[in-house]
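J.: Have a look at this one before I ask anything.
The values are calculated or read from the model by the stated rules, or taken from the named source; none is laboratory data. Bear in mind that the values here come from a model prediction, so they are computed numbers and not experimental data. Cβ coordinates were reconstructed from backbone atoms using ideal geometry, including for glycine residues, and neighbour counts include every protein chain displayed. These area figures cover heavy atoms from the full protein model, side chains too; ligands, DNA and RNA do not enter into them. Shrake-Rupley method; radii C 1.70, N 1.55, O 1.52, S 1.80 Å.
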Amino acid sequence: MTDAPDPSDEHLVSLSKDGSLDAFNSLVERYQGAVFNLCLRLVGDPASAEDAAQEAFLSAYRSISRFAGGNFRSWLFRIAANQSKDELRRRQRRGPQESIHAADDETGGIDVADPGETTEEYIERLALGEGIAQALMEISFDQRQAVILSDVHGYHYEEIAEITGASIGTVKSRIHRGRERLRTLFSQHPELFGMRQRLED
């Protein structure tokens, strides 16, 4: 007996619109790692990212009845990005945070060493992720958002334009300028050459 396939986003959204909290919780479980990862890269602080992600899901739940269809993940990412921007404003009012942490995947989990890695390779990978996270926080929010959606989450220009509410031309400009700024930042840190080479490919 084969396992039943997971319900589609469209089916879960439809059930959520009909008032099913279980269906919406299934969407939360499906995307909580990805949403936290996006928020973490946008705000650079785990506690702030957790707050932004939580607010994003609460906002999505309150407005699910107005979701007109299309890609639910993109719609959710747009809400998460807006919540991240709001969280940055709140954080600026509260004062600077002490640290910036990198996110390595869409699980939002703790980074652990690969069984094939040496201790030196593991430490180097952690340092690289930390350096990339810090560099991303050095560019503007709009550029950071566009670069992350493109280079980390793999969205196309049209999808990024839908998520950000910007024109395709603006999206292209933000990605270009963001990458140029990152290249400059990485050139100041030779240990980040591997990431810089990816940006230049």
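J.: Output ³J(HN,Hα) for the range 58-64: one whole-Hz value per residue in order, computed from phi by the Karplus curve 6.51 cos²θ - 1.76 cosθ + 1.60 with θ = phi - 60°, and x for Gly and Pro.
T.: Whole-Hz 3J(HN,Hα) from phi for the range 58-64: 5, 5, 5, 5, 5, 10, 4.
J.: Ok, one more. List, in order, the whole-Hz ³J(HN,Hα) value for each residue of the range 67-81 obtained from phi through the Karplus relation with A = 6.51, B = -1.76, C = 1.60 and θ = phi - 60°; use x for Gly and Pro.
T.: 5, 8, x, x, 7, 5, 4, 5, 4, 5, 5, 5, 4, 5, 5
J.: If amide hydrogens are placed 1.01 Å from N in the peptide plane, which non-local residues have theirs closer than 5 Å to the one on MET137?
T.: Under 5 Å from the amide H of MET137: no residue qualifies.
J.: Using a probe of 1.4 angstrom, how much of the accessible area of the range 130-180 is carbon and sulfur, in percent?
T.: With neighbouring chains kept in place, the figure for the range 130-180 is 42 percent.
J.: Right, another one. Kindly report the accessible area of the range 133-192 per residue (heavy atoms of protein chains, probe 1.4 Å, no ligands, DNA or RNA), in Å².
T.: 49
J.: Leaving ligands, DNA and RNA out of it, work out the accessible area of GLU138 with a 1.4 Å probe and give it in Å² to the nearest 10.
T.: Taking all protein chains as shown, GLU138 has close to 110 Å².
J.: Please list, in chain and number order, the residues 5+ apart from TYR155 or on another chain whose amide H is under 5 Å from its amide H, with Hs placed from the backbone.
T.: Amide H to amide H, under 5 Å and 5 or more residues apart or across chains, TYR155 pairs with SER150.
J.: Now for a separate question. According to a simple spin-label model (label point 7 Å from Cα along Cα-to-Cβ), what is the distance in nm between GLU10 and SER187?
T.: Each label point is offset 7 Å from its Cα along the Cβ direction, giving 4.8 nm.
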